[in-house]
């Protein structure tokens, strides 16, 4: 692999070599080789400003929020609530009260499935999801459907990994009460036409949720333009800390939903006879939150906006095209997911070689990828495979790293093929 000084310059104008200097981990070696980190759909690396923000909180103003009048608490509360304003702006929510902090996208989906689903779903109602969903957008709805008597229906996909929208349109009927779909597939990279999916549901008065975990690191997201009722995403996939994320919910929907968890901060008044709940969004934020990581989440948003989501999308599209070309030239390699509209995922199988063996050998070349079902077992079943090897890209990746991946795969074939 070439040195950073030789990194090719993207046509987007992004100074990737300079950006890489912001990420301390990218300078380390793995098994004596330069780290090539291609597991960004699993979790992304963190820029130094995010790491510094966590240290700054714990060193200089560590205190609980909303509950004290001393200076440290006021500073912590200001930074925490300031992060909420950043998230609101980042996804263009209509109000800061529509941003609920969660432990991540999974908790956001579970919050909606439980608080909305258990309240409004009845026996005979239908919930629509898609074949390409992450388990986090399947299992919560299965649990709620079992509890309420509702039925789960699944939008099929074609061989390219694209939703069959005509089938989806035919699914919608007077029994359909909720549609929950992924924006960008984590296993194939398919970018779904969520504007169209949501519009078809809204025409029938059907509530909607979009799983945006794999979308927000790679493209501008405008929840008001999408028109969805809920949009969930995680911090750790967008260069922020683990253990936190956000749920956007239209205020009219959140107001009608009961709390998901009970305890401190989500209450207005408590007696043994009755409890009244706090205003939005705190109604859904019980207990001491993950203060430091929420603050780091806000700093990650600042960092992304400083680079520019449009420039990030342009460079990652170049990388994806280049990676698709390079991997397509390898005999015996099949890319899983060839949708017309994709983002930053190269998922593949090699004839006669198990993905886990591929991943192990690539690791010894310093190349980090993910192997397995990617929490998308139905996708694997759809293609008749047990697992894939997935290389997932971020704006700090380079063509030279794609070259290293291709060379590593060829070495795997030489040894194991």
Quick count over segment 57-95, residues being assigned to a helix (DSSP H, G or I) and within 27 Å of residue 141 (Cα to Cα), is 3
Being in contact with a strand residue (DSSP E or B) (Cβ under 7 Å, 6 or more places away or on another chain), within 24 Å of residue 243 (Cβ to Cβ) and not assigned by TED's automatic domain parsing to the domain that holds residue 16 narrows it down to one residue among 284, 260; which is it? 284
From 213, 199, grab the single residue that is part of a helix (DSSP H, G or I) and assigned by TED's automatic domain parsing to the domain that holds residue 165. 199
Hits in segment 250-269 (condition: exposed (fewer than 12 other Cβ atoms within 10 Å of the Cβ) and in a strand (DSSP E or B)): 268, 269
Look at segment 295-354 and say how many of its residues are outside any helix (DSSP H, G or I) and closer than 27 Å to residue 193 by Cα. 17
Within the bounds of segment 333-345, is there any residue that is surrounded by fewer than 22 Cβ atoms within 10 Å (Cβ to Cβ), within 17 Å of residue 38 (Cβ to Cβ), touching a strand residue (DSSP E or B) at 6+ places or on another chain (Cβ under 9 Å) and free of Cβ contacts under 8 Å to residues at least 60 places away in the same chain? yes
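The values are calculated or read from the model by the stated rules, or taken from the named source; none is laboratory data. All figures in this text were calculated on a predicted structure; none of them were measured in a lab. Using ideal geometry, Cβ is built from the backbone for each residue, glycine included, and neighbour counts are taken over all protein chains shown.
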